Amino acid sequence: MKDFKNILAAVDLSECSQKALGLAIDFAFSEGTRLHVLFVEVLHGEPYDESVKARLESMVKTRLAEKGLVGLDVEYAIERDYVAGPAILRYARDYDIDLIVMGTHGRRGLRALVLGSVASEVVREAPCAVLTVRKDGDIDPVHVRRILVPFDFSEYSREALKTALDVAASVGAKIDIVHIVEDRFHPAFYGPFFQSVYDMEPDIEQRSERHLREEVARLDGDDLVVSVKAFGGYPARDISRYVENHDVDLVIMSTHGLTGMEHFLMGSVAEKTVAHATCPVLIVKPHNPARSLGKADIGVEHAI
């Protein structure tokens, strides 16, 4: 794995956050790093008593006992704020967190639009990598067998691929790299000739797969079991479908970090994947990405 020195488990005592805590414990122990367990008391909600820290300690001890693990360095913290997201982000910056692990409730439709998602906010704004898990998802970091990397030929997705190759080399996993050709434009009034990207570039899937193989070779991934696939579709929908249809254990992807009006109009494939994927999702944050690197070679890009 990457050099994670401080791992943060953001816990709200829900079932999915307990899943996330267990996952954070497993990763922290496998990496030999410090684990921070954070509970955010939301000030306008029902107050929590002093037993919260004791409950957190009990949850950690139970997980360690179940796994037969000893010697984990754990720091407990309780923060208070009007909303959870900013408190998690503030703690991550103050304590130089390298990886945030948290649960997601997987809200969809109007409920997601109205209530939003703490996980989505953290994925979008965190200064570090974020690993999310739903209450119906689980993973043992030592037994990851299949990793999915959605790839759009941006420098962002190259960072995700580098991380995936590192993880796969550590645990002996297979990597599936997919490029989804997003064919969502060219209404009929543009004329009869170019109503689809396939009209302009009929061989775009074959070319994309060739470029995917070149990306793997460039990153010295030839010794790993890697498959590449390009197909037409919609990333926000088809990444989750691929996870379900191919028994994927872990998705590793990056985010373009859209904010403000750009984010409102385009949304985020990463955030939708976090909400919908049935397996854990690791969101990688590049340090200094070049937004447009490599796009001209393929022809179509979607916003992750």
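Right, Glu57: over 25 Å from the mean Cα position of the chain (by Cα), acidic (Asp, Glu) and closer than 25 Å to Leu250 by Cβ or not?
no
If I ask for residues that are open to solvent by less than 70 Å² (accessible area, probe 1.4 Å) and either part of a loop (DSSP other than H, G, I, E, B) or of a type outside the set (A, V, I, L, M, F, W, C) (or both), which ones from the range 76-90 would you list?
Tyr76, Glu79, Asp81, Gly85, Pro86
Can you say whether Arg55 is open to solvent by 20 Å² or more (accessible area, probe 1.4 Å), touching an Asp or Glu at 6+ places or on another chain (Cβ under 6 Å) and either at pLDDT 90 or above or in a strand (DSSP E or B) (or both), as far as the supplied structure shows?
Against the criterion (open to solvent by 20 Å² or more (accessible area, probe 1.4 Å), touching an Asp or Glu at 6+ places or on another chain (Cβ under 6 Å) and either at pLDDT 90 or above or in a strand (DSSP E or B) (or both)), Arg55 does not qualify.
Does the range 92-122 hold any residues that are among the aliphatic types (A, V, I, L, M) and either farther than 17 Å from Ala9 by Cα or modelled with pLDDT under 90 (or both), and which are they?
If the condition is that a residue be among the aliphatic types (A, V, I, L, M) and either farther than 17 Å from Ala9 by Cα or modelled with pLDDT under 90 (or both), then Leu110, Ala112, Leu113, Val114, Leu115, Val118, Ala119 are the ones that fit.
Being under 29 Å from Val171 (Cα atoms) and either assigned to a strand (DSSP E or B) or over 28 Å from the mean Cα position of the chain (by Cα) (or both): is that true of Leu72 here?
no
The values are calculated or read from the model by the stated rules, or taken from the named source; none is laboratory data. Computed from a predicted model, the values in this text were never measured in an experiment. Note that each Cβ is placed from the backbone with ideal geometry, even for glycine, and that neighbours are counted across all protein chains shown. Surface areas here come from the heavy atoms of the whole protein model, side chains and all, with no ligands, DNA or RNA. Shrake-Rupley method; radii C 1.70, N 1.55, O 1.52, S 1.80 Å.
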